[in-house]
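Here's the structure, in structure tokens; my notes come after.
The values are calculated or read from the model by the stated rules, or taken from the named source; none is laboratory data. Computed from a prediction, not measured in an experiment: that's the story for all the values here. Backbone-built Cβ (ideal geometry, glycine too); neighbour counts: all protein chains shown. To get the accessible areas, we keep the full protein, side chains included, count just its heavy atoms, and leave off ligands, DNA and RNA. Shrake-Rupley method; radii C 1.70, N 1.55, O 1.52, S 1.80 Å.
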Amino acid sequence: MFAWAVDEAEDAGTSVADAVEAHAKPKPSSWASLLRPGGLASGDSTWSGAVTSSLNGTSQHQKYESLVDALQNLRVKFSSPLVQPRGLVNSGNMCFMNVVLQALLYCAPFFNMLLDIRQNVAFSFNQPTPLLEALIQFTNEFKQDPTPMALLLEEEDTDPFVPENVYEALRQKNVFQTLRGQQEDAQEFMSYLIDGISQEMADILQQHQHQHRSSNHQTDNASNVDDESEWQEVGPHNKASIVRDSSDSFVATPITRIFGGSIRSTLAVPHSASAASMRGRHSGKARPSSNREPFQWLALDISSDSVRSIEQALDEFVAPETIEGYTNIYGESVNATKQILLEKVPPVLVLHLKRFVFCHNEGVQKVHKFIQYPQELQLSPDWLAKSKASSEHRNARYRLESVIYHHGSQASGGHYTCDLRRSEKEWLRFDDIDITILDSVDKVLDEKMDRSAYILFYTISS
């Protein structure tokens with residue numbers, strides 16, 4: 001299920017499962033108990049009714065009737081309270097998890113989602129949502145504190161801790177059962193964690209929908225609706241195309257509203273004049289067919305010599321691809337053209353740089369070259385599908401929020417660290433329990449000889 005790698009910089013003899021058992025602590029009875037004296041986590045976290053904001057700056061306090069109500073109505077909010085940074089103890093090859101947890105903590109829409117649920121949902125820890133519960137308990141370990149990091153370091157008030165609640169949730173999911181002294185790829189762990197939380201939410205929503213249909217004597221959606229819908233769409237120059245939407249059975253959750261976008265994959269297949277005349281059609285290209293698919297991050301191929309920046313990697317991502325020897329509807333072998341474009345972009349755009357590639361003679365190798373990434377990413381119209389759905393994103397701009405790095409020369413080992421934007425002018429570097437203040441964003445953007453940017457988090461700014 002996962003691609004494992006022995007961490008060169010860590011003790012390969014430590015059992016993650018043993019670490020989970022050693023640090024396990026009792027589960028609170030409810031989220032509200034986290035805020036009561038004696039129910040606080042080890043960080044003694046207290047919150048003064050933090051007000052978060054939507055993109056237009058509207059402050060909101062909203063109580064929800066149930067978890068289902070929250071999952072259906074939570075809005076994406078981009079302004080979150082500052083929290084006191086804390087390092088995470090590496091209890092045995094866990095740097096891959098530490099960097100992902102830190103990046104999600106400083107991803108304002110994700111943090112606000114957890115805070116909103118914790119503060120505004122009456123809910124006990126008896127739901128089938130161990131990952132969601134663990135992340136809510138994880139955020140409770142951090143105090144709301146706008147004090148600059150320099151002063152916190154002087155006061156030595158950055159006590160590191162072990163995220164045992166997350167360990168325990170992963171142990172329940174059997175993620176650690178076969179793991180001993182090994183570490184997981186950070187991108188695969190991020191994928192598992194975000195997908196896992198979204199699936200927990202989707203299961204609750206689907207169960208609620210099924211109960212609602214049953215009470216209204218309706219047929220279950222799974223037996224009555226196709227996974228894909230299809231329609232004809234008129235595009236540029238009044239050209240028609242067939243569009244299939246493979247996301248119709250996709251359940252929208254707060255996670256998909258934060259990280260979820262969609263791509264449009266279009267296939268154009270030519271045919272000869274002779275074959276077309278037999279069917280009474282014109283020669284040339286048949287009507288293009290498009291498939292709309294959801295994504296929660298984009299994996300960018302950086303192996304080409306022409307790719308030296310994120311913008312060039314995105315150019316490569318949307319470049320038309322020729323498929324030789326494609327068999328068209330007339331049985332002819334032709335050269336078809338496939339192209340992927342962005343149709344809907346998410347509030348939080350996560351970019352995964354594909355550092356590890358398979359070579360026939362050498363196996364999996366790491367791509368070491370430096371890839372430039374901007375502090376502000378302006379979407380190019382060339383990356384967007386020419387459709388009504390994408391028109392609102394024509395001038396979208398994104399701001400860099402965090403960078404996860406892979407250290408090491410080999411794909412079979414290494415270490416992970418991350419740089420995170422805590423506030424408008426404060427960037428921090430996290431290396432497990434160690435936290436370093438960066439004197440400028442240039443320290444984040446510049447080339448580093450001992451590490452390679454692996455995952456980038458961007459938040460939409462306009």
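Details
- Residue that is most open to solvent (accessible area, probe 1.4 Å) [pool: residues in region 367-385 that are in a loop (DSSP other than H, G, I, E, B) and over 27 Å from Ser265 (Cβ atoms)]: His368
- Selection of region 413-427 for residues being more than 19 Å from Ala186 (Cα to Cα) and among the hydrophobic types (A, V, I, L, M, F, W, C) yields only Trp427.
- There is at least one residue in region 106-120 that is within 30 Å of Gly260 (Cβ to Cβ), at pLDDT below 95, open to solvent by 10 Å² or more (accessible area, probe 1.4 Å) and polar (S, T, N, Q).
- Which numbered condition Arg421 misses (of (1) surrounded by 19 or more Cβ atoms within 10 Å (Cβ to Cβ); (2) in contact with a Lys or Arg (Cβ under 7 Å, 6 or more places away or on another chain)): (2)
- Condition check for Asp450: open to solvent by 40 Å² or more (accessible area, probe 1.4 Å) and of a type outside the set (Phe, Trp, Tyr): yes
- Selected residue (only one of Phe142, Phe96 is touching a Lys or Arg at 6+ places or on another chain (Cβ under 9 Å), touching a residue at least 24 places away in the same chain (Cβ under 8 Å), closer than 20 Å to Arg429 by Cβ and of a type in the set (A, V, I, L, M, F, W, C)): Phe142
- Region 296-322: number of residues that are free of Cβ contacts under 8 Å to residues at least 40 places away in the same chain and either in a strand (DSSP E or B) or closer than 23 Å to Lys388 by Cβ (or both): 3
- Extreme residue, nearest to Gln365 (Cα to Cα), among residues of region 399-433 that are in a strand (DSSP E or B) and of a type in the set (A, V, I, L, M): Ile404
The rows are residues; the columns are (1) within 16 Å of Ser461 (Cα to Cα); (2) in contact with a strand residue (DSSP E or B) (Cβ under 8 Å, 6 or more places away or on another chain); (3) open to solvent by less than 20 Å² (accessible area, probe 1.4 Å); (4) assigned to a strand (DSSP E or B).
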{"position": "Asn335", "(1), (2), (3), (4)": "no, yes, no, yes"}
{"position": "Ile340", "(1), (2), (3), (4)": "no, yes, no, yes"}
{"position": "Leu351", "(1), (2), (3), (4)": "no, yes, yes, yes"}
{"position": "Ser387", "(1), (2), (3), (4)": "no, yes, yes, no"}
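- Residues satisfying the stated conditions in region 70-93, i.e. within 23 Å of Val348 (Cα to Cα) and either free of Cβ contacts under 8 Å to residues at least 40 places away in the same chain or in a loop (DSSP other than H, G, I, E, B) (or both): Asn73, Leu74, Arg75, Val76, Lys77, Ser79, Ser80, Pro81, Leu82, Gln84, Pro85
- Against the conditions (1) in contact with a helix residue (DSSP H, G or I) (Cβ under 7 Å, 6 or more places away or on another chain); (2) modelled with pLDDT of 90 or more, Gln172 satisfies every one except (2).
- With respect to the conditions (1) β-branched (Val, Ile, Thr); (2) within 27 Å of Tyr106 (Cα to Cα); (3) at pLDDT below 95, Val348 lacks only one, and its number is (3).
- Scanning region 138-164 for residues that are β-branched (Val, Ile, Thr), under 18 Å from Pro81 (Cα atoms) and assigned to a loop (DSSP other than H, G, I, E, B) yields Thr147, Thr158.
- First in region 377-396 and in contact (Cβ under 8 Å) with a residue 24 or more places away in the chain, second anywhere and of a type in the set (Ser, Thr, Tyr) and exposed (fewer than 11 other Cβ atoms within 10 Å of the Cβ), Cβ under 8 Å, 6 or more apart: Asn395/Ser462; Ala396/Ser462
- Complete set of residues in region 92-118 that are under 11 Å from Ser402 (Cα atoms) and of a type in the set (Phe, Trp, Tyr): Tyr106
- Filter result (closer than 26 Å to Asn90 by Cα, open to solvent by less than 40 Å² (accessible area, probe 1.4 Å) and in contact (Cβ under 8 Å) with a residue 60 or more places away in the chain) within region 432-443: Asp432, Ile435
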